[in-house]
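The values are calculated or read from the model by the stated rules, or taken from the named source; none is laboratory data. Every value quoted in this text rests on a predicted model; they were computed, and no experiment measured them. Cβ coordinates were reconstructed from backbone atoms using ideal geometry, including for glycine residues, and neighbour counts include every protein chain displayed. Just the protein is used for accessible areas: all its heavy atoms, side chains included, with ligands, DNA and RNA removed. Shrake-Rupley method; radii C 1.70, N 1.55, O 1.52, S 1.80 Å.
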Amino acid sequence: MGDRGWVVVGFAVALVALAGCGGSPSPSTLSGRACLSRLNAEAVSYRPVDSPDASDSRCRVDTAVRVSRVEAALSRPATMSCAMASRLDEFEREAVQPLARTELGRRVVRIDHLGSFACRANTSRPSRLSQHALGQAIDIAGFRLADGSRVSVEHDWSDTSGKGVFLHRLAAKACRYFSVVLTPDSNADHYNHLHFDIGPDRFCGS
């Protein structure tokens, strides 16, 4: 193969790597008792629940839990898969809290969210279920800090310093924990929140 052929092959390999979001995790296979044990070990506040009743029988949540707190409290309890709860807890401990201390000088004490489980279609591909329908996604609207101040995706994403820098850096770090990360820069539907999911697709919209 000539030099030009190797260049073409190398370019194709690079495209495949980029499509994988440069280090996005593989979909979590953690479930059942092993997953619940993980939540217990990390002191996540939750209770096991039955998979939510839904009009569409495809909307099933594997090892469903209702979470009220990871390290920080959630603004309201949220039903999600145990695997999603474990990933959210890991993300908060390893990414959210250290970055909040570095960029904002304060701890996060509450995660403001718009919901996790919802039996509905994918907004961009209506023929497919959303990962929310499987409890594999959560929409984060912002964070409450230890001093009572708030970081809002809707109002602070465009800030060029402080809270805006925190949100942009956090979205970039989220790609190491979640398969899909969508931000206000991704499309108009996400003007007020960050979407994180652990489904099979790959997209890093930081």
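Some observations on this one:
- Evaluated against (1) touching a Gly at 6+ places or on another chain (Cβ under 9 Å); (2) in a helix (DSSP H, G or I), A133 falls short on exactly one condition, (1).
Matching residues to (1) surrounded by 15 or more Cβ atoms within 10 Å (Cβ to Cβ); (2) on the phi > 0 side of the Ramachandran plot:
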{"position": "P126", "(1), (2)": "no, no"}
{"position": "S130", "(1), (2)": "yes, no"}
{"position": "G135", "(1), (2)": "yes, yes"}
{"position": "I138", "(1), (2)": "yes, no"}
{"position": "D159", "(1), (2)": "yes, no"}
{"position": "L167", "(1), (2)": "yes, no"}
{"position": "H190", "(1), (2)": "yes, no"}
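- Residue in segment 17-57 that is modelled with the highest pLDDT, counting only those that are closer than 22 Å to L114 by Cβ and open to solvent by 90 Å² or more (accessible area, probe 1.4 Å): R47
- For segment 98-106, the criterion of being open to solvent by less than 40 Å² (accessible area, probe 1.4 Å), part of a strand (DSSP E or B) and either hydroxyl-bearing (S, T, Y) or in contact with a helix residue (DSSP H, G or I) (Cβ under 9 Å, 6 or more places away or on another chain) (or both) is met by none of the residues.
- Residue within segment 118-134 that is at pLDDT 95 or above, within 19 Å of the chain's Cα centre (by Cα) and of a type in the set (K, R) present: no
- Index of the failed condition, D139 passing every other in (1) in contact with a His (Cβ under 7 Å, 6 or more places away or on another chain); (2) of a type in the set (D, E, K, R); (3) not in a strand (DSSP E or B): (3)
- Looking only at segment 53-80, residues that are closer than 18 Å to L36 by Cα, out of contact with any Lys or Arg (no Cβ under 8 Å at 6 or more places or on another chain) and touching a residue at least 60 places away in the same chain (Cβ under 8 Å) come to 4 in all.
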